[in-house]
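The values are calculated or read from the model by the stated rules, or taken from the named source; none is laboratory data. None of the values given here were measured: they were computed from a predicted structure. Virtual Cβ from ideal backbone geometry, glycine too; neighbours counted across all protein chains shown.
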Amino acid sequence: MKQSKNHFLLCGLKKAIHGLFQQTNSAALGVSLTVMKFRSRFVLCLVAALAAGCGERPWNDPYPAADNAQNILYSSFEQRPKHLDPAQSYVENEYALIAQIYEPPLQYHYLRRPYTLIPLAARDIPKAVYLDQDNRPLPENATPERIAYSVYDVTIQPGIRYQPHPAFAQDASGTYLYHALTFEQLEDIRTLADFPQQGTRELVAADYVYQIKRLAHPGIHSPIFGLMSEYIVGLKEYGATLSKAAKEPANQPYLDLVRYPLEGAEVIDRYTYRIKLHGKYPQFLYWLAMPFFAPVPHEADRFYSQAGLIERNITLDWYPVGTGPYMLTENNPSQRMVLERNPNFHGETYPAEGEPEDQTRGLLDDAGKPLPFIDKVVYSLEKESIPYWNKFLQGYYDASGISSDSFDQAVRITTQGDAAVSEAMQGSGIRLLTSVGTDISYIGFNMLDPVVGGLSERARKLRQAISIALDYEEFISIFLNGRGIPAQGIVPPGIFGHVEGEAGINPYVYEWVNGRPQRKSLEQARRLLAEAGYPGGRDAETGKPLLLHFDTALSGPDDKAYLDWLRKQFQKLNLQLDIRNTDFNRFQEKMLKGSAQIWQWGWNADYPDPENFMFLLYGPNAKAVKNGENAANYDNPEFNKLFERMKNMDNGPDRQAIINQMMDIARGDAPLLWGLHRKKFGLYHAWYKNAKPNEMANNELKYARIDTAQRSKLRAQWNRPNLTPLFIIMAVLLLSLAPAVLGYLRKERSPAP
Amino acid sequence: MIAYIVRRTLYAIPILIGVNLLTFVLFFVVNSPDDMARAHLGVKRVTQEAIEKWKAERGYDKPLIINEGAAGVGKITGTIFFEKSLALFAFEFGRADDGRSIGGEISARMWPSLAIAVPTLVIGLGVAISFALLLAFFRGSYIDLWGGVTCIIMMSVSGLFYIIGGQYLIGKLWHLVPISGYDAGVYGFKFIALPVVVGVIGGLGSGIRLYRTLFLEELGKDYVRTARAKGLSERRVLFTHVLKNAMIPILTGVVVILPTLFLGSLILESFFGIPGLGSYTIDAIQAQDFAIVRAMVFLGSVLYILGLLLTDISYTLVDPRVRLT
């Protein structure tokens, strides 16, 4: 019915335009004729091309006709990924791709909360064996001081195979076809798909060891090499060995890491490898769920090291080789990137258990079914939020975040204060899912600064007073549309160490009133300020007003409102805030030198462990001293000592008690204003199934399912072309010309005076 | 004429060196090689050692413009400026910070840019001339008055408004074409249509005003008076004589921008998701990728100089009185 209606409309249009063209042709006036002819022909061409290009689908469908009603998920990317090499990649938008391709030994359970590690390529979760200085085994409950080494034996599942890839292609004699490409062979090669032969092989333990060695490769610049050098035995020295070896002519262009053993990572048998760490580092298991520890076959490294391929931008950093459910089949980051189902995927099933409410939400409907559900994922480049949002509303993207501009259109706050989708969205079947981010966004004080820094009582009280005055509840309401939770400490909700309720509030800033935290009064803040030696915001000794400096790289028009708001927060205490704007480079430089006074920063969890947040306050990790992540340069010996104890402990009451002590110290010292944890809002169309926000897992695509029939139906319904306004505009233009044309004709026909 | 072209080509060399030096200084006033390394390596867990390694690998560990530590010519040749600039004159653009060939990217991306820029120019020129003729023809009437007012309004409106308005009306409300995206070949027509329409409308106000002025200027000349005295109709005067003579400044004005069409439009490409050279340049600036910025500025300068040269040549073609010596 819909198709015949469209066809009819199109024929009618062509006739109408043809008629219009004929009428115009008969007019006597040249100028009008030229313009009208041109316009008519243009519109005719436009309509004809649209008809040819679009067929029976909506005219504004941005995807090829061949993809219509296919089992494809449509998503977008804003920035081209910089790295797809698992040893280098460390950014969310890169993980969105490579986490679907590479399979580290472990992964996070998709549905369970708190976040739980489960095996992925590994057979089970490896258990640490502790050794003393002489490599003698220690009991499981040995104290960290006695533990010199931790050893993890990881056994992977047999039978896992890599995606089809030319690096594995061999001839009948077992010689690799493309490991020594000739000029002639390279002539027709533009992308990886141009290789006629593909191959595969079984995943083995050596591939994981090879990747660990790659972390030290001098040409790769792995961001975790520095950190892992402190833990993986011999990795630091290994980096130096490789740097030296890379300069030898024999190792050009390919440095074969297999020839260089690494003490801390060795193959035990075909499916087992061993990682040896210095000391006790229980958080290491979380790293085993990140792409840094995914397998890379040495064949791929050798294949991609060929100069002819590098010249053609065919590198491992651009064309990943994995065992995961998807493989990257199109990599055109200036337009689109495409993941397709890996035909060699070893198989995995949808989880059969989750949180209690998952059953009612329909998240267990697919329990036990083989993964992945979707055949293909198309990521289109979408740099601007407005076209992206409009295309989501038209059904051309399956899910979307919500920008501030679109918030009121998308979300309404219920009388109970909860967020829900607006009525218009609800009518379209769009669902809203929210989650609290495993992150923190805070304002910090430079503890090296002579005014706001240091652990003196005067500085501490000044910081506490500012902490009370700066109203984060207001900030969240004004600038984030309520999408945030004021932080009571540095550990976000959902991560061990975070305490809910009265016991978990920051007593220096909040009071527990009527079952909820309430910010202390400004009067208390002013009292603290006076005790700090700044009564009424003036230095008691000099009488001069206290001038503080906020260093920032925020300079856009949207940021001005925020900076004005910030200034007003300080004015509540009669404190003057000088905004020192600079570009991001200079800002980073100031932070590195420790010359910024007050600033804004944030942290996104690598893994769900309090150590990954508490280390932001660990003294030896100071940014200005060691280029670490402790941006406040906070250094309290008592806190440091507790951190060193806490970081190696297993989760339990003892660890919680230490975390509580640490938080008491840090809250009192107030090196940070703690800020907020962001609430993430995601919108999903009715046809998008099994959506559950997971802040730690990046490989969620395999769980998603699309009802393609429903999508096609709704897209067609929402995107019927409307040509009436075009005709109205043309008619108005023509009518406005009519009096002048008639006047001219009259003048031309009238006899000369 | 050949001597003239050779001389102009030689003049271009110091201009290009100057442009290159200016780009270099401006870029490195804002970004140090350390900043570039940090932008490339990310902000999490980046060590100074990794930054030094990155700089050394890409040749950013040398002094910027003068190498005090070197002797003789080495003071100039052993610098980032010299090493990064010399190859440009052989049109070897090298590699971006992500390792991809800049030359390859330029040759791939100039086609989408041209796919938008050429129809926008041709259609825009045709429409602007047609409307300018219409206003000139009805000069002094209400059409001229309201046409002029409309042109001024169109000139006053931001280009961004046309883009967002076009996407809203044509893509979102009327569902006629995709809001954004790109595809090569015939199928790509539906992606190109909207940016071209927006590009044409965006440039129409100023185009019509300019061409109307050119037409009116011609209308005041002696040969027009003579034509009228001979009894030619106003239509004949305008379309046969005035149009032909006014085309000389119009065409020479167009020739100067022809080569720069390759470079695309910065905002248009970004909003419509066109993978052209305009968006390539914007991305490079945001990513602090000096290699791309330098290559694009150099290419822009070369094309602009080429455009000016072509303009001079085109004068000799359309006006036999002009001689290049």
Name the residues in the range A:308-339 that are at pLDDT 90 or above and in a helix (DSSP H, G or I), would you? A:Gly308, A:Leu309
Filter the range A:432-482 down to residues that are crowded, with 18+ Cβ neighbours inside 10 Å and hydroxyl-bearing (Ser, Thr, Tyr) and give me whichever is farthest from A:Glu92 (Cα to Cα). A:Ser467
Which of the residues that make up the range A:624-647 are surrounded by fewer than 22 Cβ atoms within 10 Å (Cβ to Cβ), without any contact (Cβ under 8 Å) to a residue 40 or more places away in the chain and within 14 Å of chain B (Cβ to nearest Cβ)? A:Val625, A:Lys626, A:Asn627, A:Gly628, A:Glu629
Kindly establish whether B:Thr120 is surrounded by 18 or more Cβ atoms within 10 Å (Cβ to Cβ) and facing chain A (nearest Cβ under 9 Å). no
When you go through B:Gly126, B:Gly148 one by one, which is the residue that is facing chain A (nearest Cβ under 10 Å), surrounded by fewer than 20 Cβ atoms within 10 Å (Cβ to Cβ) and in a helix (DSSP H, G or I)? B:Gly126
Taking the range A:608-631 and keeping only residues that are part of a loop (DSSP other than H, G, I, E, B) and either out of contact with any helix residue (DSSP H, G or I) (no Cβ under 7 Å at 6 or more places or on another chain) or not hydrophobic (A, V, I, L, M, F, W, C) (or both), one is left with A:Pro608, A:Asp609, A:Pro610, A:Tyr618, A:Asn627, A:Gly628, A:Glu629
With the first residue restricted to the range B:308-325 and required to be free of Cβ contacts under 8 Å to residues at least 60 places away in the same chain, and the second required to be among the hydroxyl-bearing types (Ser, Thr, Tyr) and surrounded by 14 or more Cβ atoms within 10 Å (Cβ to Cβ), Cβ contacts under 8 Å at 6 or more apart or on different chains are B:Thr311/B:Thr252; B:Val322/B:Tyr315; B:Val322/B:Thr316; B:Arg323/B:Thr316
Could you please tell me which pairs satisfy a Cβ distance under 7 Å, a separation of 6+ or placement on different chains, a first residue in the range A:296-320 that is farther than 13 Å from A:Ile220 by Cα, and a second residue that is assigned to a helix (DSSP H, G or I) and among the charged types (D, E, K, R)? A:Val296/A:Asp207; A:Val296/A:Arg214; A:Pro297/A:Asp207
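So which residues in the range A:59-85 are within 10 Å of chain B (Cβ to nearest Cβ) and out of contact with any strand residue (DSSP E or B) (no Cβ under 6 Å at 6 or more places or on another chain), if there are any at all?
Listed by number, the residues that qualify are A:Trp59, A:Asn60, A:Asp61, A:Pro62, A:Tyr63, A:Pro64, A:Ala65, A:Gln79, A:Arg80, A:Pro81, A:Lys82, A:His83.
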Restricting attention to the range B:177-213, which residues are among the hydroxyl-bearing types (Ser, Thr, Tyr) and not in a helix (DSSP H, G or I)? B:Ser180, B:Tyr182
Out of the residues in the range B:1-59 meeting the condition of being outside any helix (DSSP H, G or I) and within 23 Å of A:Leu84 (Cα to Cα), tell me which one is nearest to the chain's Cα centre (by Cα). B:Gly42
Have a look at A:Arg580, A:Arg516, A:Arg567, A:Arg538 and point out the one that is over 28 Å from the mean Cα position of the chain (by Cα) and farther than 21 Å from A:Asn446 by Cα. A:Arg516
Consider the range A:522-547. How many of its residues are among the acidic types (Asp, Glu) and surrounded by fewer than 14 Cβ atoms within 10 Å (Cβ to Cβ)? 2
Keeping to the range B:164-196, report how many residues are within 17 Å of B:Ser265 (Cα to Cα) and more than 9 Å from every other protein chain (Cβ to nearest Cβ). 5
Flagged pairs (Cβ under 9 angstrom, 6 or more apart or on separate chains; first in the range B:31-49, more than 7 Å from chain A (Cβ to nearest Cβ) and under 16 Å from B:Asp98 (Cβ atoms); second part of a helix (DSSP H, G or I) and small (Gly, Ala, Ser)) are B:Ala37/B:Ala50
Looking at the range A:202-210, can you tell me whether even one residue there is among the hydroxyl-bearing types (Ser, Thr, Tyr), surrounded by 22 or more Cβ atoms within 10 Å (Cβ to Cβ) and within 14 Å of chain B (Cβ to nearest Cβ)? no
Search result, residues across the range A:371-392 that are more than 23 Å from A:Glu355 (Cβ to Cβ) and more than 14 Å from every other protein chain (Cβ to nearest Cβ): A:Ile374, A:Asp375, A:Lys376, A:Val377
Complete set of residues in the range B:65-82 that are loosely packed, with under 15 Cβ neighbours inside 10 Å and closer than 18 Å to B:Glu52 by Cβ: B:Gly69
What's the number of the only condition in (1) free of Cβ contacts under 8 Å to residues at least 12 places away in the same chain; (2) not in a helix (DSSP H, G or I) that A:Ala240 fails to meet? (2)
Can you give me the number of residues within the range A:705-751 that are exposed (fewer than 15 other Cβ atoms within 10 Å of the Cβ), of a type in the set (Ser, Thr, Tyr) and away from chain B (no Cβ under 11 Å)? 1
Go through (1) in contact with a Leu (Cβ under 8 Å, 6 or more places away or on another chain); (2) surrounded by 18 or more Cβ atoms within 10 Å (Cβ to Cβ); (3) among the hydrophobic types (A, V, I, L, M, F, W, C) one by one and return the number of the condition A:Ala686 breaks. (2)
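This table checks each residue for (1) surrounded by 21 or more Cβ atoms within 10 Å (Cβ to Cβ); (2) at pLDDT 85 or above; (3) charged (D, E, K, R).
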{"site": "B:Ile248", "(1), (2), (3)": "no, no, no"}
{"site": "B:Gly264", "(1), (2), (3)": "yes, no, no"}
{"site": "B:Glu269", "(1), (2), (3)": "yes, yes, yes"}
{"site": "B:Gly276", "(1), (2), (3)": "yes, yes, no"}
{"site": "B:Val293", "(1), (2), (3)": "no, yes, no"}
{"site": "B:Gly300", "(1), (2), (3)": "no, yes, no"}
{"site": "B:Leu303", "(1), (2), (3)": "no, yes, no"}
{"site": "B:Thr316", "(1), (2), (3)": "no, no, no"}
Quick check on my filter: what residues within the range A:560-607 are part of a loop (DSSP other than H, G, I, E, B), of a type in the set (A, V, I, L, M, F, W, C) and more than 14 Å from every other protein chain (Cβ to nearest Cβ)? A:Leu573, A:Leu575, A:Ala596
Which of the residues spanning the range A:648-668 are among the hydrophobic types (A, V, I, L, M, F, W, C) and either under 11 Å from A:Phe615 (Cα atoms) or in contact (Cβ under 8 Å) with a residue 12 or more places away in the chain (or both)? A:Met649, A:Ile658, A:Ile659, A:Met662, A:Met663, A:Ile665, A:Ala666
